[in-house]
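Let me begin by presenting the structure, written as structure tokens, before commenting on it.
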Amino acid sequence: MSQTLSWDRNAARNGALDGQFIVGLMTTGIYSLPSCPTRFGKSEELQLFAAKAAGLRACKICRPDRFYQGDGDLVLFQRMMDRVSSSPRAIESSFALAREFDVAPSKLDDLFGDHAHLTPGEWLRRMRIRSSARDLLNAELEIADVGESLGFADSSAFQQEFLGRMRMSPGDYRALNASRGFSLVLPAGYRADEILAYHARDPQSQSERSEDNRIWKALATPDGAAILELTLGDGQAAVRFHSDAKIGRKSMAGLHAAALRILGLENDVSEFERSHAAFARPRRGLRVALLPTSFDALCWAIIGQQINLRFASALRREMIALAGERIAHMRAHPTPEAVANLDASELLSRRYSRSKARYLIDAARAAATGALDIENLTNTSAIAAEMALVAQRGIGLWTARYVLMRSGFADAAPVGDSGLAAALQRLHDLPERPNADQTARLMSRFAPHRGLASGHLWASLKDAV
């Protein structure tokens, strides 16, 4: 059943109308979600459908066909997550996973591409190593027993897989709480320049800074504020931390995870570099720097909406000065609870707009109360995470996808970013900067690595300078 109606394009762009109807563009024979970056054209050429548009083809940018499978697929993906989390050894391969849940291998690939931004095999290995990391903090288990309990063929296989994912040996990970520092093994060909530059983008920041080959980041932990100091050398990163309190195992594990994110070590880059060899060759080894917490990424995204980096950095400094815990000469990025307790008037007096102050405090309250489980975003589905984010007032698709990208989802890219559009214009020698629709189409060739492609494109602008 179809109908021709007027509809709020701004609400549609923010994703608020997805699920209510789909848009059929009769001149092209394509149907799309209301939030699709495609410019739909004249109203008389459109029809609104209550469900799938019979006879029309699904848009390859917004994938409405997968969206309307989404509820069932999301439930299926969450069932798989629960199954593997409860018994990591029970599912030894993607083929075993497909058999247990009675889905075709091609369906499994699509499911994990959409929800995990990983292949099923990569996701299983990640889940297994995360489980082993939790077990290693239990001193009662022998290291060899941890690997065996998770189905690794032998101790060597476990050691190799753990080192590749966690950038240290299982023994060193178990000893995290025994000293005031640790080392991370850097991948061959690791490029430090872009990582160092990203963490130095605000020279006046009290929360992080970078000089020469070092990065400092102040973080809140369950045991109090701490400063991570990372020194990047040849083949390894030396990580030290400074704190006025004793740091326990849980906090140490959190600092290790933060170091991996800061250095962009969460995701592998080799498949992207093979698939896009000519494009990646000038910047081989480049990685996307992540933010230590997803709440940090969310604050950056909300504060940075529709303003330039310099002004966004200044506003972020004001928030950190108001709510961040002091540690030595730095301040840790505030917790959701600390930002939630701010009064909007405090932000308004520091050049925040009324809407930006409200959006920031509302998002912090949602995170503080658990209504938005911000730090578990990457432990769930990318689609579920995006839906949870855009359900918050003031968070649209650009903001949500920026948060997902800086939190570690490999195929999330902030289409609509002006720098991304400028880099694509230069890459393809276009006469003018591409709009959101054109940007989305140009970025689609990089799936399922659009986050890393965004990093390469941004870096290409600096290469040109």
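It is to be established whether one or more residues within region 378-401 are of a type in the set (Lys, Arg) and in contact with a Ser or Thr (Cβ under 8 Å, 6 or more places away or on another chain).
Scanning region 378-401, I find no residue that is of a type in the set (Lys, Arg) and in contact with a Ser or Thr (Cβ under 8 Å, 6 or more places away or on another chain), so the answer is no.
Given the residues Asp114, Asp135, which is the only one that is open to solvent by 40 Å² or more (accessible area, probe 1.4 Å), part of a helix (DSSP H, G or I) and over 22 Å from Gly285 (Cβ atoms)?
Of the residues listed, the single one that is open to solvent by 40 Å² or more (accessible area, probe 1.4 Å), part of a helix (DSSP H, G or I) and over 22 Å from Gly285 (Cβ atoms) is Asp135.
In the list Ser294, Ser251, which residue meets the criterion of being open to solvent by less than 20 Å² (accessible area, probe 1.4 Å), in contact with an Asp or Glu (Cβ under 7 Å, 6 or more places away or on another chain) and more than 21 Å from Asp411 (Cβ to Cβ)?
That would be Ser251, the only listed residue that is open to solvent by less than 20 Å² (accessible area, probe 1.4 Å), in contact with an Asp or Glu (Cβ under 7 Å, 6 or more places away or on another chain) and more than 21 Å from Asp411 (Cβ to Cβ).
Quick check on my filter: what residues within region 222-240 are at pLDDT below 95, touching a helix residue (DSSP H, G or I) at 6+ places or on another chain (Cβ under 6 Å) and assigned to a strand (DSSP E or B)?
Within region 222-240, no residue meets the criteria.
Which of the residues belonging to region 122-136 are within 21 Å of the chain's Cα centre (by Cα) and more than 11 Å from Met166 (Cα to Cα)?
Listed by number, the residues that qualify are Glu122, Trp123, Leu124, Arg125, Met127, Arg128, Ser131.
What are the pairs with Cβ atoms under 7 angstrom where one residue, in region 80-105, is open to solvent by 80 Å² or more (accessible area, probe 1.4 Å) and the other, located anywhere, is part of a helix (DSSP H, G or I) and small (Gly, Ala, Ser)? Sequence gap at least six, or different chains.
Matching pairs, first to second residue: Arg89/Ser149.
Restricting attention to region 323-332, report how many residues are open to solvent by 40 Å² or more (accessible area, probe 1.4 Å) and either in contact with a strand residue (DSSP E or B) (Cβ under 8 Å, 6 or more places away or on another chain) or aromatic (Phe, Trp, Tyr) (or both).
Selection size over region 323-332: 4.
What single numbered condition from (1) open to solvent by 20 Å² or more (accessible area, probe 1.4 Å); (2) in contact with a His (Cβ under 9 Å, 6 or more places away or on another chain); (3) among the small types (Gly, Ala, Ser) fails to hold for Ala218?
Result: Ala218 fails condition (1) only.
With the structure loaded, tell me whether Met168 is among the aliphatic types (A, V, I, L, M) and under 20 Å from the mean Cα position of the chain (by Cα) or whether it fails that test.
no
How about region 380-465: which helices (runs of 4 or more DSSP H) wholly inside it have at least 1 residues that are over 19 Å from Leu286 (Cα atoms)?
382-390, 397-407, 418-427, 436-444
How many residues are without any contact (Cβ under 8 Å) to a residue 40 or more places away in the chain and assigned to a loop (DSSP other than H, G, I, E, B) if we restrict to region 189-214?
Result for region 189-214: 4.
Out of the residues in region 146-163 that are modelled with pLDDT of 90 or more and not small (Gly, Ala, Ser), state the one that is nearest to Ser86 (Cα to Cα).
Selected residue: Val146.
Do you know which of the residues in region 255-269 that are open to solvent by 20 Å² or more (accessible area, probe 1.4 Å) and at pLDDT 95 or above is nearest to Leu137 (Cα to Cα)? Even if it seems obvious, please write down each step before you answer.
Keep residues of region 255-269 that are open to solvent by 20 Å² or more (accessible area, probe 1.4 Å), which gives 257, 261, 266-268.
Add one more test, that the residue is at pLDDT 95 or above, and what stays is 257, 261.
Details: Ala257: 14, Arg261: 20 Å.
In this case the residue turns out to be Ala257.
Show the residue pairs that are 6+ apart or on different chains and have beta-carbon atoms under 7 Å apart, the first residue being within region 419-439 and within 15 Å of Gly455 (Cβ to Cβ) and touching a residue at least 24 places away in the same chain (Cβ under 8 Å), the second being open to solvent by less than 70 Å² (accessible area, probe 1.4 Å) and β-branched (Val, Ile, Thr).
So the pair list comes out as Leu420/Thr439; Leu424/Thr439.
Of the residues in region 367-408, how many are in contact with a His (Cβ under 8 Å, 6 or more places away or on another chain), within 20 Å of His449 (Cβ to Cβ) and open to solvent by 10 Å² or more (accessible area, probe 1.4 Å)?
Selection size over region 367-408: 1.
Identify the residue in region 270-291 that is open to solvent by 50 Å² or more (accessible area, probe 1.4 Å) and free of Cβ contacts under 8 Å to residues at least 24 places away in the same chain and, among all such residues, is nearest to Trp216 (Cα to Cα).
Here is the first cut: in region 270-291, the ones open to solvent by 50 Å² or more (accessible area, probe 1.4 Å) are 271, 274-275, 278, 281-282, 284.
Add one more test, that the residue is free of Cβ contacts under 8 Å to residues at least 24 places away in the same chain, and what stays is 274, 278, 281.
Numbers: Arg274: 33, Ala278: 34, Arg281: 30 Å.
Selected residue: Arg281.
Let me confirm something: among Ser349, Ser353, which residue is modelled with pLDDT of 95 or more, open to solvent by 10 Å² or more (accessible area, probe 1.4 Å) and more than 18 Å from Asn308 (Cα to Cα)?
After applying the criteria, what remains is Ser349.
Got a sec? Which of Ile303, Ile307, Ile320 is open to solvent by 10 Å² or more (accessible area, probe 1.4 Å) and β-branched (Val, Ile, Thr)?
Matching residue, one of Ile303, Ile307, Ile320: Ile307.
The values are calculated or read from the model by the stated rules, or taken from the named source; none is laboratory data. None of the values given here were measured: they were computed from a predicted structure. Here the Cβ is made from the backbone with ideal geometry for all residues, glycine too, and neighbour counts use every protein chain on show. Protein only, heavy atoms only, side chains kept; ligands, DNA and RNA dropped before computing areas. Shrake-Rupley method; radii C 1.70, N 1.55, O 1.52, S 1.80 Å.
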